[in-house]
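Chemist: Sending over a structure as structure tokens; questions will come in a sec.
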Amino acid sequence: MTQNRNVPFFNYPQVYLNDKENLMKIFDDIGSRGAFIMQKDLEIFENNLATFTGSKFAIGVGNATDGLELSWMAIGLKKGDEVICCSHTMLATASAIKTAGGTPVPVELGDDGLIDPDAIEDAINSRTVGIMPTQLNGRTCDMDRIMNIANKQNLYVVEDAAQALGSRFKGKHAGTFGNASAISFFPAKVLGSLGDGGGVITNDPYYFDKIYQLHDHGRDINGEVKSWGRNSRLDNLQAAILNHNLESYQNVIDRRRQIASIYQEQLSDLNELELPPAPDADPNHYDIYQNYELQADRRDELKKFLADNNIGTLIQWGGKGVHQWEGLGFNVKLPKVERFFERCIMIPMNMFISDDDVNYICEKIRLFYRG
Ligand SMILES: Cc1ncc(COP(=O)(O)O)c(C=O)c1O
């Protein structure tokens, strides 16, 4: 029996406190150089990001939501153009389509919690121009199927890879399959900064050029104004922090995969739970476990029981799929997504929990179901 303890879902102060000395050095260096906007740390980070993902180009942007929106703006959505996305995603996926001028069409999820390729096919009509899969919880969709559909139907693909830096399908990185994609560096992300931050990656020089202009007042990489744009640049300070965090990134992924293995080992016999795929369950997938989201019988009671035992949990995005927010005007029923949101719960998955914390969480979950 593990001693009682307190395991918050995520510990924001630790993002700073855990690495305070190095971060202070970075603040001092950037501050002393006055290197705040579009300086060499950003350029280095963009190169690092492109190299790490195996993509030709990377652009630091203000946040992933902007990156997704700018990607669709670069493609050029017109009024009435439909883009298919999963309803089991953050609102940002759908809102990026909307704010870029298109119409988001949320569809069902498959058994793995990711967008269902069959549902994509069913939703295609004469207005469809694109697909926006979300590489959710650090897992990449079956991109063979999605790219086959897109190629056959001549559709654009922008990947929402906000949660998936380093995740791979058949060895290829999330974010490198479609026309462009965006990654988030929100502080709780696997690669987090100390504020908002995002990156766009693309292999296409045309989209690189367009998105680059859009993110910096219409200026191209030589500073020449070529078009209308706006300001959505990644701060140089955040870029410097991200360069630093990228140095230990593989260790971070390894640790997350190890935590997922412990959860798998200790919880997989409980048939009241459906766990996410284990790290080595499918050789086609390399998951980075941005989140550990499971489905649970009596979910709300479990959440309360864990809270009473000082274990933090989270129900993603306020407990609703995109199409379920009445204010957004969708008029569609997606039973699998709705059922998922009645049962889903995320348990702690981060760099601040010890093996003892993980064991404690598993012990309490077992106690809840088995007494
Ligand atoms: C799936 C998904 N898409 C988009 C975003 C938006 O990222 P950002 O906060 O960097 O705009 C997030 C962030 O949480 C996300 O999880």
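Chemist: Using θ = phi - 60° and the Karplus relation 6.51 cos²θ - 1.76 cosθ + 1.60, list the HN-Hα couplings for segment 193-202 in order, rounded to whole Hz, with x at every Gly or Pro.
Modeler: So the J values, rounded to whole Hz, are 9, 9, x, 6, x, x, x, 9, 10, 7.
Chemist: Positive end of the dipole of the chain, charges at C-beta (+1 Lys, Arg; -1 Asp, Glu), about the Cα centre: which of Tyr289, Phe10, Gly31 has its Cα farthest in that direction?
Modeler: Selected residue: Gly31.
Chemist: How large is the direction-averaged shadow of the alpha-carbon convex hull of segment 2-121, in nm²?
Modeler: The Cα convex hull of segment 2-121, projected and averaged over all directions, gives 12.5 nm².
Chemist: Counting only DSSP beta bridges with both residues in segment 35-141, what percent are antiparallel, rounded to the nearest 5?
Modeler: 10
Chemist: State the percentage of accessible surface on segment 249-370 attributable to carbon and sulfur atoms; use a 1.4 Å probe and exclude ligands, DNA and RNA.
Modeler: 46
Chemist: A follow-up question, please. Can you flag which of Lys152/Lys172; Lys152/Lys320; Lys189/Lys320; Lys170/Lys333; Lys170/Lys210 are past 24 Å Cα-Cα?
Modeler: Those over the limit are Lys152/Lys320; Lys170/Lys333; Lys170/Lys210.
Chemist: Could I ask something else about it? If packing is taken as the average count of other Cβ atoms within 10 Å, what order do 96-107, 232-243 fall into, highest mean first?
Modeler: Those peptides, ordered most packed to least, come out 232-243, 96-107.
Chemist: Within segment 188-202, whose backbone N sits under 19 Å from a point 7 Å along Cα→Cβ of Asn231?
Modeler: 195-199, by backbone N distance to the label point.
Chemist: Then there is this: What residues qualify as long-range amide H neighbours of Leu194, i.e. H under 5 Å apart, gap of 5 or more or another chain, H built at 1.01 Å from N?
Modeler: So Leu194 has HN proximity to no qualifying residue.
Chemist: Here's a follow-up. Just subtract the alpha-carbon distance of Phe352 and Ser95 from 0.36 nm times their residue separation and send over the number in nm, one decimal.
Modeler: Going from the current span to full extension adds 89.3 nm.
Chemist: In sequence order, what are the phi-derived ³J(HN,Hα) couplings for segment 204-210 according to the Karplus relation 6.51 cos²θ - 1.76 cosθ + 1.60 with θ = phi - 60°, rounded to whole Hz, with x for glycine and proline?
Modeler: My calculation for segment 204-210 gives 9, x, 5, 6, 4, 4, 4 Hz in order.
Chemist: Below 8 Å, C-alpha to C-alpha, sequence gap of six or more: please give me the relative contact order for segment 249-370 in percent.
Modeler: It rounds to 34 percent for segment 249-370.
Chemist: Given R₀ = 25 Å, FRET efficiency for Lys25-Ala281 by Cβ-Cβ distance, to 0.05?
Modeler: Working from the Cβ atoms, E equals 0.05.
Chemist: In segment 31-102, how many lysine pairs have Cα atoms under 30 Å apart, counting only pairs 8 or more places apart or on different chains?
Modeler: 5
Chemist: A further question follows. Could you work out the relative contact order of the chain? I mean the mean sequence separation of Cα pairs under 8 Å and 6+ apart, divided by the number of residues, in percent.
Modeler: 21
Chemist: Please calculate how many Å² of accessible area segment 147-305 carries per residue, with a 1.4 Å probe and no DNA, RNA or ligand atoms counted.
Modeler: Ligands and nucleic acids excluded, the result is 42 Å² per residue.
Chemist: Set the Förster distance to 30 Å, then compute FRET efficiency between Asp112 and Gln14 from the Cβ-Cβ distance, nearest 0.05.
Modeler: After rounding, the FRET efficiency stands at 0.50.
Chemist: Here's something else I'd like to know. At a 10 angstrom cut-off on C-beta neighbours, averaged per residue, how do the peptides 250-263, 10-23, 200-213, 80-93 rank from highest to lowest?
Modeler: 80-93, 200-213, 250-263, 10-23
Chemist: What is the antiparallel percent of DSSP beta bridges lying wholly in the chain, to the nearest 5?
Modeler: Antiparallel bridges: around 60 percent, rounded to the nearest 5.
Chemist: Taking all protein chains as present, what is the carbon and sulfur share of the accessible area of segment 16-247, in % to the nearest whole number, probe 1.4 Å?
Modeler: Looking at segment 16-247 in its full context, I get 48 percent from C and S.
Chemist: Any chance you could run the full-extension gain for Tyr206 through Glu43? It's 0.36 nm times the residue separation minus the Cα-Cα distance, nm to one decimal.
Modeler: Full-extension gain reported as 56.7 nm.
Chemist: Could you work out how much longer the chain between Ser261 and Lys56 gets when fully extended? Use 0.36 nm per residue separation minus the Cα distance between them, nm to one decimal.
Modeler: 70.5 nm
Chemist: What is the set of long-range amide H partners of Ile311 at a cut-off below 5 Å, with H atoms built 1.01 Å from backbone N?
Modeler: It is Val7, by chain and number.
Chemist: I've got another one for you. List the residues whose amide H sits under 5 Å from the amide H of Gly218, counting only those 5 or more places along or on another chain, with H placed 1.01 Å from N in the peptide plane.
Modeler: Excluding prolines and chain starts, which carry no amide H, the hits are Gly229, Arg230.
Chemist: Rounded to the nearest 500, what is the chain's calculated 222 nm mean residue ellipticity when only DSSP H runs of at least 4 contribute -39500 (n - 2.57) each, over all residues?
Modeler: Mean residue ellipticity, 222 nm, calculated: -12500 deg cm²/dmol.
The values are calculated or read from the model by the stated rules, or taken from the named source; none is laboratory data. Only a predicted model underlies this, so the values are computations on that prediction, with no experimental measurement involved. All Cβ positions, even for glycine, are placed from backbone atoms using ideal geometry, and neighbour counts span all protein chains on display. These accessible areas exclude ligands, DNA and RNA; they are computed on the full protein's heavy atoms, side chains included. Shrake-Rupley method; radii C 1.70, N 1.55, O 1.52, S 1.80 Å.
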